[in-house]
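Reading through the structure tokens given below for one structure.
The values are calculated or read from the model by the stated rules, or taken from the named source; none is laboratory data. As the structure is a prediction and not an experimental result, all values here were calculated from the model. Here the Cβ positions follow ideal geometry from the backbone for every residue, glycine too, while neighbour counts run over all protein chains shown.
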Amino acid sequence: MATGDSANEPNRMSRRSVMRRAGMIGATGGVGMIAGCGGSGGSESGGGGGDGSSSGEVTTAGGDIQPVDNAFANTTTDNPTNWQHNVYNFTTPYEHEMQNDQFQRYNIETGEYTEYALQIDEWAGSEERVVLKVRDGLTWHNGDPGDPVTGEDLKAKFGCEQIVGNTVADHYTDMQVVGDKKLELTLDGQVNKPIFRESLNYQWIDTPYRLYGKYIEAYEDATTDSERSDVKSQLRNDTFEEPYGNGPFQFIERSENRYRMELYEHHPDADQINWQYWDVQRVSTDTASVALNMVPDGDVDTIRNYNPPASVYNNRQEGHLTTQLPALWGQALPFNCEHEDFGNVRVRQAIAEFIDRKSAAESYGQFGQFVEAPSGLVGNIAGDNSPSDRWKDWVSEEGASALHRYRDAERGRQLLRDEGYEKVDGQWQRPDGSRLELPITVPSDLTDWHPIYQTVVGSLEQEGIKAELKMVDSTSYWSDHYLAGDYVGASTGWTLQNQHPFYTFGMYFRTDNEFMNLTPGELQAPPFGEPDGDLQDVDIDGLMNDLRTSTGETQTEYIDQLAWIMNQTLPMIPLIEINDVLWMTDDDWDWKPEMSDSAWQTKWPQWWFPRMGLLKAKGSQ
Amino acid sequence: MSDKNTTFNSVGGSGAERDRQPSKADLYRERLDIFVLTPLRVMWSDWRTRTGGLIILAYVFVGVVGVHLIEPAQTGGPRLIGPLQNMQYPLGTNNLGEGLLAKVVHATPPMLKMVVSGAVFSTALATVVGTVSGYKGGYTDTVLTTISDIAMTIPGLPLVILFLVVFEPSNPFFIGVILSINAWAGLARTIRSQVLELRDQSYIEASRIMDVSLHRIIVDDILPNIMPYVLISFVNTGRGVIFGSVALFYIGVLNVPFSNWGIMLNRAYSTGGALYSWSSLYWIITPMAAIVVLSLGLVLFSQGTERLFNPRIRARHAESIEETGPTTGD
């Protein structure tokens, strides 16, 4: 079963997403897993992950109580002793969401941003600068209390983003620490504030200057590209053995089966929490079994997200609590754009015509919907799992109708014939007479992805293209295949979990293009609205820069253009969009909001509710 | 003792028969009787071999003829239909809408190829090495035993994984050989032990005194005694190939481009959650039944074949011997 609490979430932001896809970050306890399912867990000591009995009584804002369960447990399928803690190193990085604080909270349902660890202290878009400020009272876990989190730590964060070239770094060119708590960014032109605001989503204060400052200084001192590249390489390769953090729980111990954190009483929100420990339990990769055994006396208190087969979902028992929220994400079929066949835009279009995306979504199960017009626009699934056309909100009416829907197999055949391919005895042959083949590399552990790609293979096989799934162990899939661009067809998400098209387009043309061996500057697309028109050069960089700084109708025009280019060039084919399913137990835990409350529509309630006082341990009688 | 049925011909029968030189047709008829009909009669006389043989024949039939009668499974059909609910899909469908009957049928040929190639490779190699090593002794034994010991010390699973990663095989015959690449050594050592015991038996001693060739002693005197064990090992190796393919598929090392019962099982378990609902259990039971029944057929067949290698029982069922044997008298 696909597992890992970080399942289905290769997309916090570009850097984190890459690491999540690489199966490395597990801030959700799902370290090591990427997609589909939450890892799940069980405490070694049993009882809902709670063996915090040693500590027992906890004084909280709610008064003195004796929690029934003194340790909240989420899960991982990894061995915690294998984790290192440089979050910019792709190899088994780990940070837990309760161990570090997020910049801001974004409610998907209301579209509302709530500042948390970081405030935009001063926005002067017209002056092309912004001042950011760290939340008061935030301290590192290196003392009692530890050092305060400062503007320098923020500089380390934004500096590291710049070094590795993540999307957020597109927005600024320089930075300066202002006082103890503030950082001023010099913007790269007049940046659109909503776009900038969204770039702060799913970002964490997780770069203490004492650890990351050396990279920032070396980068500042570097005078040549080679030197800058060396710094980046060093940042990517160094490992930090000791965990660090500034969140409400601090690391205390780990074994091969458990990573344990204890309440950090100096955190500004510590008084919202009435239990002592947070455990990340190592559990079986059979998430279905883990999920079903969460109650009545299971060891696991939450699986962050897990897409269950109907047979599992329908077997939930009393004490199981599940809800769902838009993943703003879904699975895609990326191509190696240097491949002899699939480097050809027309061949990619033909493949898209042959693939039955609707059937692929049905194979995924009840929590997925097909992407109506593959173009990088998020919003194909509603909260109740029905199809949605929210994606049209991003483009003009003309732009939406122009986007090709890719459901015309006959056009696909004609495209292949035009490119010199020939169908002989029901099998497509390449111009040299060999069979047209499309092996699709898929991580073997992410089993909830498999039905999607099996359906894709089925569609192509039925059309006469030799397709097959190549299962590769997840630990090597990301580092040796997808991130290395070593595949013909592969599997990944088509968003970075940001809604704004700037970020999805940025993923195709600025982040993942490297993984798809795509050179955006060489892309060609047919004229807008004419899918069968002659291919012509397009200016991706120019359009992206214009999009970043535009608003209103002008912005819609640029999105129209970029969506069209994506829709026609298809370096990856967005297949389906999904909802994430959260699993919790309420036998020992009091989840305050009603299940219909919009508070649940924030990624992820399991990490936000404790900080907000919306999750409490039940007291014993 | 080394005996060929033609030996009976030479010592028995009437004087006229002794004088008559057998024609070519007689020789062919005799060989057909000895090598084909007699074994079939012996097999048919034992219910285990009979049942096992019929099961294996059924699988071969499905693998050869069934694949032409039933279209390959295609995605996009109705999903998760239970067995016998829709006669277009008599065994039901999976989560992709593929008919399970079609999946099972079309997995049969590559599965049989994998099983047979793996079992034949491993058993044949083990039998040759073990028999020659045990019977010849001396330097030959030392060399072959050393090779076997080295092979036994190499961890099987990593070796298989290494071969699979390096060669990325897609041919089922080759995959079968790789999956059983490390199974021969232990079997060879066991066979060697048995042969060491057998070589001092009086009838083998007699064959040696009569200057019977090494080849004939091994084939006629030794192999029949070890064949029951060899055949059981053959079956176990075949089953090991099936189970190995399941495990290696699961960990992502074995990427087979063809249908496979193990893959069906794995998908039913991992993506279908078939273990957690009675209503979808058929999805797991179907490929499991295919594996279990074939395994049972192989085991029954091998158990009964002990009689096949017993010279006395063979003689009793050989018509050519009865017709020409001493009991007819002059």
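When the test is whether a residue is more than 25 Å from A:ALA402 (Cβ to Cβ) and free of Cβ contacts under 8 Å to residues at least 24 places away in the same chain, A:VAL457 passes it. For the range B:214-249, a tally of residues being within 14 Å of chain A (Cβ to nearest Cβ) and surrounded by 21 or more Cβ atoms within 10 Å (Cβ to Cβ) returns 2. If A:TRP449 passes every condition in (1) away from chain B (no Cβ under 11 Å); (2) touching a Gly at 6+ places or on another chain (Cβ under 9 Å) but one, which one does it miss? Status for A:TRP449: all satisfied but (1).
Every residue, every condition in (1) under 21 Å from A:ASP546 (Cβ atoms); (2) touching a helix residue (DSSP H, G or I) at 6+ places or on another chain (Cβ under 8 Å); (3) of a type in the set (Val, Ile, Thr); (4) surrounded by fewer than 21 Cβ atoms within 10 Å (Cβ to Cβ), yes or no:
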residue	(1), (2), (3), (4)
A:GLY137	no, no, no, yes
A:PRO148	no, no, no, yes
A:GLY151	no, no, no, no
A:GLY159	no, yes, no, no
A:VAL164	no, yes, yes, yes
A:VAL177	no, yes, yes, yes
A:LYS182	no, yes, no, yes
A:LEU185	yes, yes, no, no
A:GLY189	yes, yes, no, yes
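Among the conditions (1) out of contact with any Leu (no Cβ under 6 Å at 6 or more places or on another chain); (2) crowded, with 21+ Cβ neighbours inside 10 Å, the only one that A:LYS155 does not satisfy is (1). Would you pick out the residues in the range A:285-297 that are outside any helix (DSSP H, G or I), within 12 Å of chain B (Cβ to nearest Cβ) and over 20 Å from A:ASN79 (Cα atoms)? Correct list: A:ASN293 only. A single entry from A:ASP586, A:ASP512, A:ASP590, A:ASP546 fulfils the requirement of being free of Cβ contacts under 8 Å to residues at least 40 places away in the same chain, out of contact with any helix residue (DSSP H, G or I) (no Cβ under 6 Å at 6 or more places or on another chain) and charged (D, E, K, R): A:ASP590. For the range A:468-494: of the residues being surrounded by 24 or more Cβ atoms within 10 Å (Cβ to Cβ) and at pLDDT 95 or above, which is farthest from the other protein chains (Cβ to nearest Cβ)? Only one residue fits best here, namely A:TRP494.
If you go through the range B:77-108 one residue at a time, how many are within 34 Å of the chain's Cα centre (by Cα), under 18 Å from A:PRO309 (Cβ atoms) and of a type in the set (Val, Ile, Thr)? Here the count works out to 1.
Each row is one residue, and each column tells you yes or no for (1) over 27 Å from B:GLY273 (Cβ atoms); (2) surrounded by 15 or more Cβ atoms within 10 Å (Cβ to Cβ).
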| position | (1), (2) |
| --- | --- |
| B:GLY53 | yes, yes |
| B:TYR59 | yes, yes |
| B:VAL64 | yes, no |
| B:PRO72 | no, no |
| B:GLY76 | no, yes |
| B:GLY82 | no, yes |
| B:GLN85 | no, no |
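Of the residues that sit in the range B:87-119 and are without any contact (Cβ under 8 Å) to a residue 24 or more places away in the chain and either touching a helix residue (DSSP H, G or I) at 6+ places or on another chain (Cβ under 8 Å) or within 22 Å of B:PRO172 (Cα to Cα) (or both), which one is surrounded by the fewest Cβ atoms within 10 Å (Cβ to Cβ)?
If we take residues in the range B:87-119 being without any contact (Cβ under 8 Å) to a residue 24 or more places away in the chain and either touching a helix residue (DSSP H, G or I) at 6+ places or on another chain (Cβ under 8 Å) or within 22 Å of B:PRO172 (Cα to Cα) (or both), then B:PRO90 is surrounded by the fewest Cβ atoms within 10 Å (Cβ to Cβ).
Can you pull out every residue in the range A:393-409 that is over 29 Å from A:GLU463 (Cβ atoms) and over 21 Å from the mean Cα position of the chain (by Cα)? Across the range A:393-409, the qualifying residues are A:ASP393, A:VAL395, A:SER396, A:GLU397, A:GLU398, A:GLY399.
Scanning the range B:94-135 for residues that are more than 14 Å from every other protein chain (Cβ to nearest Cβ) and polar (S, T, N, Q) yields B:THR108, B:SER117, B:SER122, B:THR123, B:THR127, B:THR131, B:SER133.
Among the residues of the range A:501-513, just one is surrounded by fewer than 24 Cβ atoms within 10 Å (Cβ to Cβ) and part of a loop (DSSP other than H, G, I, E, B), namely A:ASN513.
Identification of strands (runs of 3 or more DSSP E) wholly contained in the range A:61-176 with 3 or more residues that are touching a residue at least 24 places away in the same chain (Cβ under 8 Å) yields A:71-76, A:104-106, A:118-124, A:129-134. When A:PHE103 is tested against (1) over 28 Å from A:THR549 (Cα atoms); (2) under 26 Å from the mean Cα position of the chain (by Cα), just one condition goes unmet, and that condition is (1). For the range B:284-312, residues that are in a helix (DSSP H, G or I) and farther than 30 Å from A:SER311 by Cα total 14. For the range A:457-467, filtered to residues that are touching a strand residue (DSSP E or B) at 6+ places or on another chain (Cβ under 6 Å) and more than 9 Å from every other protein chain (Cβ to nearest Cβ), the residue that is surrounded by the most Cβ atoms within 10 Å (Cβ to Cβ) is A:ALA467.
Pick out the one residue from A:GLN331, A:GLN366, A:GLN272 that is within 13 Å of another protein chain (Cβ to nearest Cβ) and in contact (Cβ under 8 Å) with a residue 12 or more places away in the chain.
A:GLN366
If you filter the range B:251-277 down to residues that are within 9 Å of chain A (Cβ to nearest Cβ) and assigned to a helix (DSSP H, G or I), you find that the one that is surrounded by the fewest Cβ atoms within 10 Å (Cβ to Cβ) is B:LEU275. Every condition in (1) surrounded by 17 or more Cβ atoms within 10 Å (Cβ to Cβ); (2) away from every other protein chain (no Cβ under 14 Å) holds for A:VAL312 except the one numbered (2).
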